[in-house]
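So the structure is just underneath, and the comments pick up after that.
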Amino acid sequence: MRVTVIGCAGSFPGPDSPASCYLLEAEGFHLVIDMGNGALGVLQRYAELFGVDAVCLSHLHADHCVDLGAYWVARQFAPDGARPPIPVYGPRGTAVRVKPELGPGGHPDDGHPGPPRFDFHDLAPGPFEIGPFRLTAEHMNHPVETFGFRVEHAGWRLAYSADTGETDALIRLAQDVDLLLCEASFLDGQHAPSGLHLTARQAAQHAARAGAGQLVLTHLVPWNDPEQSRDQASQAYRGPVSLAASGLVLGPANAAPGIAPPAGR
């Protein structure tokens, strides 16, 4: 499994990264988890525009899903004809949330010819499969229905927190994983309402309790100092701690995370 961080900015895009988006590749299959603000543009540096095989959304806040509407437009109005539908997995209401407002006749279900651009599937807690990946979903501690994921392929295990406050569900998902990709929206001393987001220290505490092999901090709010996030996490977790960055590659072939060059075009 190869994981490329497309976007890791928390709550809104930053100057160096779109909002949340991650590209998972295995056996020629391309799965995108989350597609927040600005993600579709950067995604095209690492995958063909129509090379995505499936999309999985953790929740329906704009910084995790809004660019799926732009992808809908791209697939519907491709110059060589509308592209066939691909599966999209998300919380209940995903189709309504991400459907762009194109006006009368702008959608297949409004009388526009051709199939729908996406085949929507409602997520529920428990295991399921997307292509070669085995996923397990758990509800996270966030104001809207939100799923964290455990993703397994060929013996390598990744957990992704999505957005969450403190919760034992994340520890279950991340139990003995090789890598925990965990949100770290707040720094110590900032007002962090319960049931919303984690501090970097809390992310590290979850990683330590789960026995995760390494921790990568993501959902980094642009106005925070990421090095402070790393330092505070390192005080609560003894394993390797890294900062997510757009272009960062994660996977079993990487003893340490590295930045991927954009794919040639």
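At a glance:
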{"read-out": "Among (i) 7, 32, 37, 17, 5, 1; (ii) 6, 28, 35, 23, 8, 1; (iii) 7, 22, 18, 17, 16, 12, 7, 2, 0, the entry derived from the coordinates for P(r) over Cα pairs in 10 Å bins from 0, in percent", "value": "(i)"}
{"read-out": "Helix axis angle, 200-210 relative to the chain longest principal axis, alpha carbon, degrees", "value": "80"}
{"read-out": "Candidates ASP119, ASP231, ASP80, ranked by Gaussian network fluctuation over the chain, Cα under 10 Å, top entry", "value": "ASP80"}
{"read-out": "Listed residues GLY69, VAL32, ALA124: farthest to the positive end of the dipole of the chain (Cβ charges)", "value": "VAL32"}
{"read-out": "Cβ-based charge dipole, segment 2-259, positive-most Cα from PRO240, VAL151, LEU180", "value": "PRO240"}
{"read-out": "Dipole of segment 2-259, positive direction: furthest Cα of GLY213, ALA162, ALA95, with charges on the beta-carbon", "value": "GLY213"}
{"read-out": "Estimated vicinal HN-Hα couplings, Hz - segment 65-80 in sequence order (Karplus 6.51, -1.76, 1.60; Gly, Pro = x)", "value": "9, 5, 6, 5, x, 5, 5, 4, 4, 4, 6, 6, 10, 4, x, 9"}
{"read-out": "222 nm mean residue ellipticity, helices alone, for the chain (DSSP H n ≥ 4; -39,500 (n - 2.57); rounded to 500)", "value": "-5000 deg cm²/dmol"}
{"read-out": "Alpha-carbon centroid distance for the pair segment 133-172 / segment 47-61, whole angstrom", "value": "17"}
{"read-out": "Burial ordering of ILE33, ILE6, fewest other beta-carbon atoms within 10 Å first", "value": "ILE33, ILE6"}
{"read-out": "Where labels lie 7 Å past Cα in the beta-carbon direction, separation of PHE29 and ALA78 in nm", "value": "2.0"}
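Taken together, the values in this text are just the output of simple stated rules run on the coordinates, not laboratory data. What you see is a predicted model; the values in this text were computed from it and never measured. Cβ: placed from backbone, ideal geometry, glycine included. Neighbour counts: every protein chain shown.
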